[in-house]
Structures are given as structure tokens and as C-alpha cells.
Amino acid sequence: KHCVVGEACDVTGIMGRDINAWDRIAIKSDTCSGPFQEGFPEATGAITSGIVLFKSRKPEDRNCMDIVAEEMEGVVSNWGCRRIDVDTGTFRMCFCTPREGTTCDEAVHFSFDIGTLHLLGPNKNQWRRCASGHRCEIAEIEGYGLQNGDNLLILDACRTPQKLPTTGYMTIKGVEGLTLEAPVVSYEKISNFYGMWMDMPSGSVFMFDEPITPVAGKYRMCWCRPSASARACGNTDDFAMDMGELSIVAPSTSYHRQCYQGQRCTIQFPEWDDGDTVWILNRCPEMPKLGRFRYDVPYEGTELDYLVEGWPLLGRSLPAEAGGQISWGSEAVWLPVGRYLMCWCMGSGMWPLHRRCEKVHDFWIPTGDLEILGPVPGQNFSATAGHPVVISDYTSFGLEEGDGLAVVPFGESCKGPLEAVLNASARSEFPQGGLLTTDMEPYFARKLDTLMNYSVDFSAKQAPVIQNGGYFSLCIVPAQSGTGTAVGGTYGGYVFRGCGTEQEARAACAPRYLPMPKTQYSQMALELAVRKARAAGELAEPCGHGIWLGGRWDGTENRWEWEDSTQITAGPIGKSDGSPLIIPSRPFMNWEAGQPSGAPHDLEPLMYMEVQGGKWHDSQPNRYRLGIVCKESEPLPTGTLLLEGPYAGHNFTVPAGRPLQVRGLLGIGLRDSDHLVALERGESCGSPHGATALGGEGLSIPSSVHDGSEFSWPGEALAVGGVYALCWCRKKESLTDCRHPEDFLVPVGSIFLQGPLLEQRFVCRSGERCVLQLAWPEGVTPI
């Protein structure tokens with residue numbers, strides 16, 4: 001016998017000797033020695049009588065198609081003509097007769113196999129997805145005995161007409177924007193979206209020719225076969241077979257995600273499903289358009305017209321996994337900073353066989369921008385020694401208020417741990433330990449040859465730079481390091497940001513990573529950072545049990561891996577004995593004894609580290625709220641700073657009693673109109689005590705040569721011989737006019753004045769030879 005799911009099942013006409021209306025059959029799954037098959041109408045279970053001729057209260061009724069709802073109580077045959085709600089396949093028809101003294105109401109009574117019942121139609125619990133505003137193709141429907149011409153109606157609940165809109169057809173009333181007035185008819189060809197069709201199994205494909213426009217949500221896919229339906233599927237009530245969920249998503253076109261230049265890129269889309277994919281393209285291709293004869297119009301251009309050169313994996317991400325995690329593998333992204341277009345392909349819930357999300361033209365849905373954060377390289381700035389330093393219009397992508405700009409001695413690298421860079425910036429002897437900050441919010445500045453960039457001014461506030469002229473390197477230091485606007489305690493290269501679920505942790509750290517202790521040394525460093533953080537009051541209860549790690553079970557690759565796609569295991573692993581795995585040829589692991597405990601690993605795919613002991617554990621999603629710890633972003637090189645001013649260490653020797661002159665001052669960017677001051681012996685730059693006896697109250701006449709290398713003082717040098725500090729100053733409106741000794745902050749070196757002590761007194765007698773023995777200051781050689 002053959003029946004169709006969702007319809008009444010006709011099993012009358014059973015042939016045999018001495019069979020009558022009291023004999024019965026029951027449906028079982030594999031053999032007649034087994035239990036009843038579930039899913040047949042509850043009034044009779046899997047048992048029905050009236051298996052020879054159709055039996056109802058009205059003699060003129062010949063089969064279930066003649067029966068209306070109010071007549072079903074009087075129907076004996078075919079399970080009362082009620083609809084069959086069983087998964088498709090083949091089943092056993094098992095016979096029982098009460099004439100043998102049995103009651104024919106228990107499974108054991110039906111032991112005689114009289115044949116096969118074929119239940120035709122789609123399987124239950126199938127799941128598909130489509131995007132609102134785009135073409136929808138529900139392909140590869142699985143089932144038994146599917147046929148071209150089968151119908152599909154999308155409803156909130158099968159058999160129940162939609163409540164809205166209140167107008168329209170009353171016989172067929174499906175979801176508006178999908179199947180409002182008519183069902184979709186199946187066929188056996190499927191579009192490959194390249195102007196061609198592919199042959200598929202009969203009845204396995206439903207396509208909406210025009211873009212669908214329903215409200216995003218979850219709907220039911222309700223199926224009907226016209227040849228088996230009393231009304232030829234002409235009424236909503238005929239669509240009784242619920243074959244699964246159709247999820248309609250409304251893809252956002254305004255996602256904003258960020259990654260750092262020079263680092264691996266991993267981003268999160270919690271609302272996405274596994275298999276969804278992103279491709280970074282110059283532009284997203286146009287949506288497929290239906291042309292003549294139902295063929296799709298082929299796309300124009302080639303793949304090369306869309307690609308952004310330089311992206312890992314040619315710009316196409318790995319399929320989403322583990323709750324919407326997207327990455328481009330382990331290769332770092334070194335493209336210029338800026339914004340890049342993300343084009344989306346829905347890789348799950350539809351098109352499972354003909355390999356969606358593998359070609360550029362599958363990615364026709366723009367979904368937002370991905371920012372590559374980092375400084376614009378090669379920026380050059382200048383400042384003046386002795387003045388406050390201001391880096392104006394510094395340009396970068398992804399600047400945040402509170403980011404820092406570290407000034408390090410020229411030639412020292414910006415790469416490496418933040419602590420090393422900050423130590424180098426302290427050696428630069430700039431104010432604030434060499435870390436320039438900003439109090440303003442970064443603003444957009446469009447450059448003619450680049451994408452939109454952020455600009456901002458960095459400074460050391462009003463503190464002057466007491467440093468000699470020279471070149472310095474600039475390193476951008478992200479705010480999350482704790483050096484600018486504090487956003488969390490920072491210890492040992494990690495930022496502690498409270499507690500939350502694993503998804504909240506990834507969102508809080510993005511675009512930075514969660515901890516990934518890949519070696520025993522990085523494990524030790526993480527444990528040390530945790531101890532320091534706890535001592536400072538971080539990781540308080542109720543989230544102090546553990547911290548989330550940036551690792552998880554990847555069901556697609558069938559292995560444990562870090563979120564930058566670095567392998568932890570080559571496949572499933574057994575429970576650990578609690579000893580760390582430290583083998584040079586294999587990845588480091590530090591599982592607690594009995595971990596990972598999930599079997600299979602998909603049951604507990606997340607990873608966290610226990611605070612006490614540092615051991616790793618697996619975890620179910622949404623089970624714990626643990627400490628959120630982010631890897632600190634490393635500083636990046638961004639350019640140079642030229643500090644105009646004199647070099648240090650000059651030593652000039654001049655005679656006393658003559659006008660004071662200095663020639664040969666060296667430095668960077670020296671100019672005419674620069675000034676020098678000579679200070680009283682023992683004084684240092686910034687002192688108000690000028691050496692007035694050297695002329696001009698110690699203040700030089702402004703340099704009159706273009707390179708600022710020569711200076712002179714008014715009057716004569718009538719000071720005692722010795723060493724006088726020499727300091728430099730440059731006028732700047734509203735800052736300094738270089739009129740007072742305390743304005744001179746930049747040390748140049750010293751003047752060695754050759755002259756005797758002053759105010760010496762001698763007595764000579766008339767008529768006698770007079771010899772004067774001048775006294776000279778200690779360290780001054782008579783000339």
C-alpha cells in the first residue's frame with residue numbers, strides 16, 4: 001500500500017481468505033514482532049479495522065475523499081480518515097483477527113506480516129534559511145517518493161490560515177511576502193546562479209522566483225500533494241505535513257567590525273549560523289535576476305574585478321562556526337588601514353549540495369564594513385625643544401579617545417610587549433614618560449588617496465620637552481592598554497574587564513583576542529597576570545572561578561583550536577590525567593584531570609582556565625559567567641618625530657674681558673633669531689639667574705645667521721673665569737619671548753671663560769719694581 005503523509009491513509013482492499021470487517025491491521029516499523037509505530041491518529045493508535053471494504057455511516061461514501069470533518073466519528077476504515085503524521089519510509093502491515101480469541105489491541109497480537117506500507121512525502125524536522133529581500137531557494141528536500149508538482153505553503157502553524165493581512169484570499173492564506181495567495185510548486189531543476197540549471201531529485205526543490213519580503217522570523221514549511229488531497233491543495237487546511245522550520249533572516253547592511261593591522265583577524269556575528277561566510281570585496285555583485293525561460297541572467301565581469309588584493313585566503317573567510325565566529329585563518333592581515341566592504345553569503349540551511357559560498361558571485365549581499373585598525377605608516381611630525389609638544393592631525397584608523405602615542409629613541413622598535421615600548425619611551429626624556437595623549441574625540445578626515453581615516457591631536461599637555469634636538473620614533477599605544485583612558489586593570493600584557501558569558505567576553509575584547517596560552521611560558525605568564533590582578537581586587541566573585549580562553553572545539557575541522565585557527569589537537573582527545581603536555585613537536589596543553597569532559601566534544605565546546613591552578617576546562621555555552629581577560633594590543637610603528645633644537649655636550653672656550661662670542665653651535669632645525677643664555681656658575685637650565693657679568697644680563701643677541709650656529713653678547717665678558725651653563729630658547733608667540741633666563745630650558749653645554757678672579761688688590765711702592773701675581777679660579781689655567 002502507498003499513502004501520503006499529512007493525508008488520510010487508505011489501506012482498504014486487503015485480500016485474503018475469509019477476511020471480514022472485524023479483522024484488523026497495525027503498522028509497525030521494522031518487523032511484526034516489534035512495537036506499534038507512533039504517529040498514527042490517537043483515536044485508534046496504529047490499529048485500524050475495515051480493511052476489506054471502506055466502512056462509514058453513509059453507504060455512499062467510497063473513500064476518505066468523500067468524508068467531511070463532521071462524519072469522521074462514523075468511519076471505521078483507514079484510522080477514521082484522520083491525517084497520518086509519521087516520518088516517511090516503509091513500514092510493516094501486521095494482521096490480527098479477533099476470531100482467534102484475541103482482543104487485537106496489543107502489539108503482540110499483531111504478529112502476522114501481510115505486506116509493506118509506503119508512506120510518501122518529505123521528512124520531518126528539516127531546516128532551511130532564506131534572506132528577506134532576496135531570492136529564496138529551498139533545495140534538497142529529503143523524503144521518500146517526492147514528486148514534481150508537490151506544493152509548499154509557508155505558515156506560522158500548518159493548516160492554520162495567517163491572521164494578517166485581514167484581506168485577500170480565504171482559501172489559501174500564507175505568510176505575506178512568501179506564499180500569501182498561492183503555494184510554491186516543486187520541480188527537479190535548481191539554479192546554480194550562473195545562468196545554468198542543475199538536475200536534482202524529483203520534488204526536492206522549491207524556488208521563489210522573485211525576492212521574498214516577509215518579516216524576519218521563524219515559520220513552518222507546510223507540504224501537500226495535490227494528487228492525494230481531496231481539494232487538490234486548494235485550501236490552507238490541506239497543508240498538514242509540517243516538514244520543518246524556515247528561518248527568514250533580514251541581513252544587516254550596517255555591521256561594523258574591527259581587526260588590527262599586523263594581527264590575525266577574527267570577528268563575531270552571534271546571530272549568524274555555522275556555514276555563513278564573508279568575502280572582502282571591492283563591491284558586492286548584483287543579486288541574481290531571473291531571465292527568459294526561468295534561467296538566471298549570468299553575471300558580468302570576472303572574479304578579479306571584485307577581489308581586494310592582499311587579503312588572507314583571497315579575502316574569503318572560513319565558514320562561520322561556534323556561534324558566528326568568522327576568521328581568515330592564522331595569517332596576519334597587513335593591508336593598509338581603512339574600511340573594507342564585507343559581502344555575505346548564507347552558507348547553511350540551503351544549497352547544501354551545489355556548494356554555495358565558494359565563488360565571488362555567491363556573495364551578493366553587502367553586510368557592512370570591516371575596519372583594519374592601525375596607524376597610517378610613514379607620518380612625520382616636528383616639534384621644538386623647550387616647547388610643549390603637539391602632534392597635530394595625527395592620522396590612523398580606529399583611533400579611540402585615550403589612545404597614546406609613545407615617543408621612543410630613534411632606531412628602537414615599536415614592536416614587542418607594551419612594557420618594553422613604554423620603558424623605551426621613558427628613555428626619550430619626553431614629558432609623561434614619553435607617552436603623548438589626547439583629550440579630544442578623534443574626528444574623520446578624508447585623505448585624497450585613502451579611505452576615511454581618523455585624526456586627532458596628541459600632546460604632553462602644557463609640559464615642555466626638555467630634550468635636545470634629534471629624531472624619535474612614534475608608536476601608537478591603544479587605549480585598552482590602560483595607558484590612556486582606563487578601561488580595565490592591566491597586568492602582564494592582559495586587560496581585566498569584569499565578567500560575563502563567553503559571547504560577552506568576545507564582544508568586550510573585540511578586535512583583541514581572549515588569552516591563548518600556546519606554550520608553557522605563555523601559560524606561566526597568564527597565571528602570573530591573574531595572580532597580580534586578583535591581588536589588585538580584579539576577578540572578584542561571583543566570576544572569580546575562572547577566565548575564558550580563546551579556544552574552542554571546531555566541529556567542522558574536528559579538532560580543538562585557538563580562535564586564530566592555530567591547532568590545539570589534531571582531532572578528538574581522551575580525558576587528561578592532569579599533567580601538562582610539553583612535547584616540542586606537539587601543541588602545549590594544560591587540561592585538568594578528567595578534561596575535556598564533553599563526549600562528544602560538541603556538547604561542551606568552550607574553554608576556560610580555572611583561576612586556582614591554571615588548569616583548562618571545557619564548558620557548555622551559556623553555562624558560566626567567568627572573568628573576561630583580553631590580550632593587550634601591541635603598539636605599532638607609525639612614523640617619526642623631528643625635534644628641532646641644539647645637540648647637547650657643546651663646550652666653548654672664550655677669553656674674559658672681550659665681547660662674548662660663540663660659533664659652531666650644532667643641532668637640528670636651528671634658525672636665525674634663536675637665543676642662548678649663560679647662567680651663573682652652578683646653575684642649570686630653567687634657572688632665573690643669568691650670568692649678568694658676561695654681558696646682556698647673560699642673554700645673547702638673537703642669532704643672525706640662517707643656521708642659528710653663531711651667537712654674541714652685548715658688552716664685554718667681565719665675569720670671573722670658570723664654567724658657565726649654556727641654554728637654548730626659541731621664541732613662540734603666546735608661549736615665550738626668550739626674555740628671561742628661566743625661559744631657557746634646553747641644555748646646550750657650557751662656556752669656559754678664561755679669566756682671573758675679580759676684585760684682586762695689590763700694593764706697589766714708588767721707585768720699586770712691581771710684579772703682580774694674579775689669582776685664578778681653580779681649574780682655570782692662566783693665559
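The values are calculated or read from the model by the stated rules, or taken from the named source; none is laboratory data. Here the structure is a predicted model, which means the values were calculated and not measured. Neighbour counts run over all protein chains shown; Cβ positions are idealised from the backbone, glycine included. Surface areas here come from the heavy atoms of the whole protein model, side chains and all, with no ligands, DNA or RNA. Shrake-Rupley method; radii C 1.70, N 1.55, O 1.52, S 1.80 Å.
Tell me, yes or no, whether the range 632-648 has at least one residue that is over 47 Å from the mean Cα position of the chain (by Cα) and aromatic (F, W, Y).
So the first thing to find is which residues in the range 632-648 are over 47 Å from the mean Cα position of the chain (by Cα), and the list is 646-648.
Narrowing further to those that are aromatic (F, W, Y): 647.
Yes; the residues of the range 632-648 include at least one that is over 47 Å from the mean Cα position of the chain (by Cα) and aromatic (F, W, Y).
Quick one: count up the residues across the range 17-33 that are outside any strand (DSSP E or B), more than 53 Å from the chain's Cα centre (by Cα) and at negative phi. Even if it seems obvious, please write down each step before you answer.
So in the range 17-33, the residues outside any strand (DSSP E or B) come out as 17-23, 29-33.
Restricting the remaining residues to those that are more than 53 Å from the chain's Cα centre (by Cα) gives 17-23, 31-33.
Subsequent filtering for residues that are at negative phi retains 17, 19-23, 31-33.
Residues that pass the stated criteria total 9.
Of the residues that make up the range 634-641, is at least one touching a Lys or Arg at 6+ places or on another chain (Cβ under 9 Å) and either under 24 Å from K732 (Cα atoms) or open to solvent by 70 Å² or more (accessible area, probe 1.4 Å) (or both)?
Looking for residues that are touching a Lys or Arg at 6+ places or on another chain (Cβ under 9 Å) and either under 24 Å from K732 (Cα atoms) or open to solvent by 70 Å² or more (accessible area, probe 1.4 Å) (or both), one finds at least one in the range 634-641, hence yes.
Suppose we keep only residues that are part of a loop (DSSP other than H, G, I, E, B), within 27 Å of P646 (Cβ to Cβ) and of a type in the set (A, V, I, L, M) within the range 734-783. Which one would you say is most open to solvent (accessible area, probe 1.4 Å)?
Restricting to residues being part of a loop (DSSP other than H, G, I, E, B), within 27 Å of P646 (Cβ to Cβ) and of a type in the set (A, V, I, L, M), the top hit is L735.
Counting only residues that are open to solvent by 10 Å² or more (accessible area, probe 1.4 Å) and among the hydrophobic types (A, V, I, L, M, F, W, C), which one in the range 142-162 is nearest to S186 (Cα to Cα)?
L146
Taking the range 567-606 as the search range and keeping residues that are open to solvent by 40 Å² or more (accessible area, probe 1.4 Å) and among the hydroxyl-bearing types (S, T, Y), which one is modelled with the lowest pLDDT?
That would be S585.
Would it be correct to say that A648 is open to solvent by 10 Å² or more (accessible area, probe 1.4 Å), closer than 30 Å to S413 by Cβ, of a type in the set (G, A, S) and part of a loop (DSSP other than H, G, I, E, B)?
Yes.
If we keep just the residues of the range 394-421 that are under 28 Å from R730 (Cα atoms) and over 28 Å from the mean Cα position of the chain (by Cα), which is surrounded by the fewest Cβ atoms within 10 Å (Cβ to Cβ)?
Filtering first and then ranking leaves G411.
Exactly one condition in (1) more than 20 Å from the chain's Cα centre (by Cα); (2) at pLDDT below 95; (3) surrounded by 13 or more Cβ atoms within 10 Å (Cβ to Cβ) is not met by S227; state its number.
(3)
Can you pull out the residues in the range 587-623 that are without any contact (Cβ under 8 Å) to a residue 60 or more places away in the chain, within 28 Å of the chain's Cα centre (by Cα), outside any strand (DSSP E or B) and closer than 17 Å to Q520 by Cβ?
K615
Mind telling me which of the residues Y521, Y513 ends up being surrounded by fewer than 23 Cβ atoms within 10 Å (Cβ to Cβ), of a type in the set (S, T, Y) and in contact with a strand residue (DSSP E or B) (Cβ under 7 Å, 6 or more places away or on another chain)?
Numbers: Y521 fails: in contact with a strand residue (DSSP E or B) (Cβ under 7 Å, 6 or more places away or on another chain).
When all the criteria are applied, what remains is Y513.
Name every residue in the range 198-224 that is touching a helix residue (DSSP H, G or I) at 6+ places or on another chain (Cβ under 8 Å) and either open to solvent by 10 Å² or more (accessible area, probe 1.4 Å) or not hydrophobic (A, V, I, L, M, F, W, C) (or both), in order of residue number. Even if it seems obvious, please write down each step before you answer.
Restricting attention to the range 198-224, the residues satisfying the condition of being touching a helix residue (DSSP H, G or I) at 6+ places or on another chain (Cβ under 8 Å) are 209, 224.
Correct list: D209 only.
Of the conditions (1) within 30 Å of Q261 (Cα to Cα); (2) modelled with pLDDT of 90 or more; (3) in contact with a Pro (Cβ under 9 Å, 6 or more places away or on another chain); (4) not in a strand (DSSP E or B), S633 clears all except one; give me its number.
Only one criterion in (1) within 30 Å of Q261 (Cα to Cα); (2) modelled with pLDDT of 90 or more; (3) in contact with a Pro (Cβ under 9 Å, 6 or more places away or on another chain); (4) not in a strand (DSSP E or B) is unmet by S633, namely (2).
Looking at the structure I just gave you, is W560 aromatic (F, W, Y) and free of Cβ contacts under 8 Å to residues at least 60 places away in the same chain? Working first, answer last.
Values: aromatic (F, W, Y): yes; free of Cβ contacts under 8 Å to residues at least 60 places away in the same chain: yes.
Criteria met by W560.
In the range 69-87, what count of residues is obtained for those that are among the charged types (D, E, K, R) and in a helix (DSSP H, G or I)?
3
Tell me which strands (runs of 3 or more DSSP E) are completely within the range 238-317 and hold 3 or more residues being touching a Ser or Thr at 6+ places or on another chain (Cβ under 9 Å) and either at pLDDT below 90 or open to solvent by 20 Å² or more (accessible area, probe 1.4 Å) (or both), or say none if there are none.
The qualifying strands (runs of 3 or more DSSP E) are 255-260.
Determine which member of the set R128, R99 is among the basic types (K, R), touching a residue at least 40 places away in the same chain (Cβ under 8 Å) and loosely packed, with under 14 Cβ neighbours inside 10 Å.
R99
Considering only the range 720-733, how many residues are open to solvent by 10 Å² or more (accessible area, probe 1.4 Å) and in a loop (DSSP other than H, G, I, E, B)?
Residues that pass the stated criteria total 4.
Residues that are in contact with a Leu (Cβ under 9 Å, 6 or more places away or on another chain) and either without any contact (Cβ under 8 Å) to a residue 40 or more places away in the chain or surrounded by fewer than 21 Cβ atoms within 10 Å (Cβ to Cβ) (or both): does the range 501-508 have at least one?
Yes, there is a match, as at least one residue in the range 501-508 is in contact with a Leu (Cβ under 9 Å, 6 or more places away or on another chain) and either without any contact (Cβ under 8 Å) to a residue 40 or more places away in the chain or surrounded by fewer than 21 Cβ atoms within 10 Å (Cβ to Cβ) (or both).
Return the only residue of G696, G657, G667 being touching a Gly at 6+ places or on another chain (Cβ under 8 Å), among the small types (G, A, S), more than 15 Å from C738 (Cα to Cα) and surrounded by fewer than 19 Cβ atoms within 10 Å (Cβ to Cβ). Even if it seems obvious, please write down each step before you answer.
Numbers: G696 fails: more than 15 Å from C738 (Cα to Cα); G667 fails: surrounded by fewer than 19 Cβ atoms within 10 Å (Cβ to Cβ).
Just a single option satisfies the conditions, and that option is G657.
For the range 703-713, does any single residue satisfy the condition of being in a strand (DSSP E or B), surrounded by 14 or more Cβ atoms within 10 Å (Cβ to Cβ) and hydrophobic (A, V, I, L, M, F, W, C)?
Checked against the condition, which is being in a strand (DSSP E or B), surrounded by 14 or more Cβ atoms within 10 Å (Cβ to Cβ) and hydrophobic (A, V, I, L, M, F, W, C), the range 703-713 yields at least one hit.
Quick one: which strands (runs of 3 or more DSSP E) lie wholly within the range 363-440 and hold at least 2 residues that are touching a Lys or Arg at 6+ places or on another chain (Cβ under 6 Å)?
365-375
Among the residues of the range 531-560, write down those that are within 16 Å of G493 (Cα to Cα) and among the β-branched types (V, I, T).
Once the filter is applied, which keeps residues that are within 16 Å of G493 (Cα to Cα) and among the β-branched types (V, I, T), the range 531-560 yields only I547.
Mind listing just one residue for me: the one in the range 15-42 that is out of contact with any Pro (no Cβ under 9 Å at 6 or more places or on another chain) and aromatic (F, W, Y) and, of those, surrounded by the most Cβ atoms within 10 Å (Cβ to Cβ)?
Restricting to residues being out of contact with any Pro (no Cβ under 9 Å at 6 or more places or on another chain) and aromatic (F, W, Y), the top hit is F40.
Please list, ordered by first then second residue, the pairs with beta carbon atoms under 6 Å, 6 or more apart or interchain, first in the range 338-353 and over 21 Å from S247 (Cβ atoms) and open to solvent by 10 Å² or more (accessible area, probe 1.4 Å), second modelled with pLDDT under 65 and not hydroxyl-bearing (S, T, Y).
Once the first residue is over 21 Å from S247 (Cβ atoms) and open to solvent by 10 Å² or more (accessible area, probe 1.4 Å) and sits in the range 338-353, its partners that are modelled with pLDDT under 65 and not hydroxyl-bearing (S, T, Y) give R339/L451.
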